[in-house]
Amino acid sequence: MEIQRLGSLMVIAVYIAILVYFIGFLLNAWTYFAYPPGNDTIPHLYKTKFITQYLPQIRWNHHWASGMPLFRWYPILFFLLQASATVITALPVELVLVITLSISYWLIGLGIYLFTSEIVNDHSISIIAPTVLISTPILWNLYVEGGLCTRIPAAGFFALSLAATIRYVNRPSRMRLLSSILCISTSMLLHPAYGVPALISCTLLTLVMAKDWRRKITLSLKIMIPTLFLICWFYLPFIQPLPPHRLSEPFSLSVTIAHIFMLPTRGADVTFNPIFIPLTLALVMISLFYDRKTLTENSLLKWVLAFLFLFPFLAQIFDDSIIMITLAFYLLPFDCLLLKRLYDILARHRRFLPNIITVCLISLILIAQVWVTGVDVIEKIKNPVTKVPDALSEISDRLTIPKENFMYRVAVAGSYSDLGGWFNYKYDVPQTRDYYGQGILNPQWNGLFSIIYYTTGNYNETNFFLDYWGVKWILARSDMNIQGTSIPHYQKFLARQQYYQLTGQARAIYDPDEVIYEFTYRNATPIFYVSNVPTLLILGDEIGYNDVFLAFAYSDYDSRCIIPIKGYEYIDDYTLSQLSQFDAIILRGYKYHDRAEAWSLLDNYVKNGGGLIIETGYSPDGNASFIPPPCPVEMTRKTDFGKEWHFTYVDSPVTDGINFTSFSPAVYGDHAWGVSASYNESVRLWARTILWNKGHPLVVIGDYGKGRVVWSGLNLPYHIINYKNYWESLFLSKIIDWAAQAPKKRTTTVDYTVNRPNPEKIIVTVSNEANGILFKECHFKNWYAYLIDHEGKRQNLPIYKAGPYFMYVRVPSDIKLPIKVFFEYGWEWEEISGGIISMITFVILVMYATGLPVDKPAKYLVKRLKKSAQKVGGWWYEE
């Protein structure tokens, strides 16, 4: 009997394999040269290549979006399996992907068959379930059009988890429990889009199908708790939440429902097989008429109704493809069960009729799918599609960007999703874009970079961002215009050959209207920039920092001029020695715990040679009756002087060369621009006013001790970013240069070399005096830095947020050169503990399933710990 059952299973497995190959063949799913189909397929291939190239240092991806923890919030299992298969078999990664996906589709069909046959207990009827599912357009849409490759094996193990769970509920055993847990966990680790529904569905299935409540709860917990512990290594790092970015809004409930009942127009449409929903409705209606009691009292109906109850909520979280395929997993076994009952009632004495009806149904389902594809099967067999044009090689062969380079980036606009998706499949060179939106660490800054493409005439701003992102090559398209104009993106760069040299162009074969132009930025600075450029610590809130940094862009006051560092919000969170590490400080949007202590700290900082800029236009001291030294003015008051400036000024290093008549109006919305003004008699004796408005001081400077101080009440950074005014930005830069004594400090160039053996380690060798190292990748907590001096001594270095939240380390001034500075990507406690919990859980599960005593090792460990504690206690008392 067992041999006969195994033989039947093998026949059905072969049938499902043939069905998968046939439907995939019609949809050109098995074409792998030059690359398989699907929008996201090439980025998936890139991730596999990335692993094969850099394993085991693969947790940080330096190619995308100025660096991101690629697999911290994205499941890695699929790509590890792909990379392993590629290395072991020496097959092309594209072919390995196609083989993996074909097996995954086979697992989906096999899983739903095993689940259905366990419920229906009829092989011939159960074969309808995989036939409908494999012939469902939306299942193929995941790959053939979407390229969502990781979701397909996840769906396969979702189906297998249902089969394993129902077998465990019906006939509990340790091995069946283990198989259920492993299938759910594998689905989760391949992609949570189907792993989460798998866990929910198996829990609901256990609660519905088990006989009494005690058994329901016990079996559910036995499955759910070990599963959560087993996948702990994946979800525990989510304690560090995803950045505040949403790639796309979820589909609405109405859209999902519409797709359920729509008829398909192509073989990989976002719809069901046209037979599926009518068949389900017909079986329910006939069962209500002939077998209402069996229908309403069936446990499987409760499981389906539980999902339908959750359906409106789940449709707001998951996209329609996830919801619809999950719905198919629920309805297909239910349909087969209804059909089995109807056969028993209506065709009990007609031996061959049920088989004839089943064959007709299967034939009708397959004919419907073939008809939907619109393919001439005979012609397709005669002339199969074996390869597609290698459009990407055609493009890359016509560009001059080197295939490998880690020192500079390539600029790719945010709207160039196709270009960003395939670029690193061909190039081992960082780009400004990405193809994993949820992993972007600083979406507000990353999105801002694309302004270089979307605005005309802003060349100072453009060059500012090119500098900070370490861009040397710019890719610009001909088929996209600057918003509100008829100017294509590439023409903006072509118009300024003194900045951007045209070095290549290529027409995209996949889109005849798209020509890609390559420009080389003549003034590029590297991603690893070692210099003597002064540092500016910006003390204040998020808004205060962002305004100051963005204000620099309009005069191209970039990383070759000043290094802005994100500071704390509270002044007195620092010590004097910490503040002394920075050449200058700007106060904007700041706070203090103790006002007197904070100003005393600043007083000592300036007296010891620091530069200080105080902007009270946005501060707690904007309307102060008294401000202590080192502020150049004793008091301020909030006011406005109307909607026009009436400036007077004196010659000074700060005002020289500034065209104050070109300042933008003193207007905010419909109101006059508010300022924090002072009085002439309020200016301290050691200071001097350099800018007045209607006779009231607005900018005052002074030498104080060994340092310099500037006070401004203009709220200048915010006025700059409101009007994008070059002269105002230049004025701000001159204020900072004077306070920081920057021009004489940044003249000395630094001799250094950079080695990056892998994405998680950088070695910078510095040969002569340097102020610090700007590492133009996103600041993230896993990164740490240290230096080793010429005597081999190690010194840890703090990493600061600099510029658009990149990384900066200061080189100690008293260090003996040459030195090596190391940046390394480490492990956090949640990653380590999650891995340990998962490994321990796996060992316990294997021991439990194989009958090994689980409790004995734990008891032995406790016993050993007690003996060790007694020895330590005895030693302590003897001492």
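The values are calculated or read from the model by the stated rules, or taken from the named source; none is laboratory data. Because the structure is predicted, anything quoted here is derived from the model rather than measured. Quick reminder, even Gly has a Cβ in these numbers, built from the backbone with ideal geometry, and neighbours come from all protein chains shown. Only protein heavy atoms, including side chains, enter the accessible area calculation; ligands, DNA and RNA are left aside. Shrake-Rupley method; radii C 1.70, N 1.55, O 1.52, S 1.80 Å.
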A 1.4 Å probe over the protein heavy atoms gives the chain a carbon and sulfur accessible-area percentage of 60 percent
Sorted peptide list for 399-412, 223-236, criterion being average Cβ within 10 angstrom, highest first:
223-236, 399-412
So who's got an amide H within less than 5 Å of the one on V471, skipping anything under 5 residues away but keeping other chains? H placed 1.01 Å off N, in plane.
R409, T525
Give me the accessible area per residue for the stretch 450-527, probe 1.4 Å, as a whole number in Å².
38 Å²
Pseudo-spin-label distance L80 to K222, built 7 Å along Cα→Cβ, given in nm, is 2.8 nm
Can you give the direction-averaged projected area of the convex hull of the alpha-carbon atoms in the chain, in nm²?
48.2 nm²
Work out how much length R688 to N121 would gain on full extension: take 0.36 nm times their residue separation and subtract the Cα-Cα distance, in nm to one decimal.
194.7 nm
Separation between Cα centres of the stretch 33-57 and the stretch 65-120, rounded to whole Å
12 Å
In the stretch 754-825, the trypsin sites (Lys or Arg not before Pro) that fall in loop regions by DSSP, at most 12 other Cβ within 10 Å:
K781, K793, K816
Taking R0 as 51 Å, what FRET efficiency do you get between L353 and T89 from their Cβ-Cβ distance, rounded to the nearest 0.05?
0.55
Given 0.36 nm per residue, what is the gain on full extension from H790 to L263 after removing their alpha carbon distance, in nm?
182.4 nm
By the gyration tensor of its Cα atoms, with a ≥ b ≥ c the square roots of the eigenvalues, what is the shape of the stretch 391-521: rounded for a/c under 1.5, prolate for a/b over b/c, or oblate?
rounded
Could you compute the net charge surrounding I184? Neighbours are other residues with a C-beta less than 14 Å from the C-beta of I184; K and R count +1, D and E count -1.
+3
Order these peptides, 712-722, 38-48, by their mean beta-carbon neighbour count within 10 angstrom, highest first.
712-722, 38-48
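Where does the chain land at 222 nm, in deg cm²/dmol rounded to the nearest 500, when only DSSP H runs of n ≥ 4 count, each adding -39500 (n - 2.57), divided by all residues?
Values: 33 runs with 415 residues, N = 879.
Rounded to the nearest 500, the figure is -15000 deg cm²/dmol.
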R0 of 60 Å, Cβ-Cβ distance N755-R214: FRET efficiency to nearest 0.05:
0.45
With a 31 Å threshold on alpha-carbon distance, the violating pairs from K387/K492; K566/K793; K793/K867; K607/K643; K706/K816 are K387/K492; K793/K867; K607/K643
Residue by residue through the stretch 751-766, what is 3J(HN,Hα) from phi via Karplus (6.51 cos²θ - 1.76 cosθ + 1.60, θ = phi - 60°)? Round to whole Hz and write x for glycine and proline.
8, 8, 10, 10, 10, 10, x, 7, x, 9, 8, 10, 10, 10, 9, 10
Determine the gain in length on full extension of the stretch V255-T648; use 0.36 nm per residue of separation and subtract their C-alpha separation, reporting nm with one decimal.
135.2 nm
Rough spin-label spacing in nm, given labels placed 7 Å along Cα→Cβ, for T850 and D670:
7.9 nm
Could you check the simple spin-label distance between W829 and L364, using points 7 Å along Cα→Cβ, in nm with one decimal?
6.3 nm
Quickly rank 193-199, 209-215 as a protection proxy: mean count of other C-beta atoms within 10 Å, highest first.
193-199, 209-215
